[in-house]
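Novice: Supplied in structure tokens, the structure appears directly below.
Just so it is clear, none of the values below were taken in a lab; they were calculated from the coordinates. Fair warning: this is a prediction, and the values are worked out from it, not measured in the lab.
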Amino acid sequence: MLPTLLVFLAACSDDDFAAGGAMIELSVNPGTISVARGSSGTVNVILLRSVGFTNPVALSVAGLPTGITATIAPDELVGALATSVITTTVGNAVPTGNYPATVKATSSGVGEATVVFQISVP
């Protein structure tokens, strides 16, 4: 049994043991939003945490092209299950197309979690 345990420990990184094996996961709903130029759309973000992990988790959005902005409310989450809303605004000069947006969750003691949603500009 000991050799198996040593192999398991050798295959794990230091991040796997951070904060007692704490982890966070993100999901979004819906995964794609259609937003006309000059309008806004919303995406719900759901944060799941491992049991016992209570550190605040900061949210941010990356990868938006010029002319598309996003605001997150709230931008810091606490609790075992928490939700936030991202409001995405598309400017009048944004070309028709599909644009990925990456939501990032960060906190001390865990690795970064990410999820991508699509913004469709008709």
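Novice: From the backbone phi of the range 67-73, what are the Karplus-calculated ³J(HN,Hα) couplings (6.51 cos²θ - 1.76 cosθ + 1.60, θ = phi - 60°) in whole Hz, Gly and Pro given as x?
Specialist: Calculated HN-Hα couplings, in order: x, 10, 10, 9, 10, 10, 9 Hz.
Novice: What list of ³J(HN,Hα) couplings, whole Hz, do you get for the range 23-37 from phi and the Karplus terms 6.51, -1.76, 1.60, once you set θ to phi - 60° and write x for glycine and proline?
Specialist: Listing the rounded values in order: 8, 10, 9, 10, 9, 10, 8, x, x, 9, 10, 9, 10, 6, 4 Hz.
Novice: In whole Hz, with x marking every Gly and Pro, tabulate ³J(HN,Hα) for the range 104-117 from phi via Karplus 6.51 cos²θ - 1.76 cosθ + 1.60, θ = phi - 60°.
Specialist: 10, 10, 9, 7, 5, x, 9, x, 6, 10, 9, 8, 10, 10
Novice: Next up: Give me the extension gain from ASN29 to GLU112: residue separation times 0.36 nm, minus the current Cα-Cα distance, reported in nm with one decimal.
Specialist: Values: separation 83, 0.36 × 83 = 29.88 nm, distance 1.96 nm.
Gain on stretching ASN29 to GLU112: 27.9 nm.
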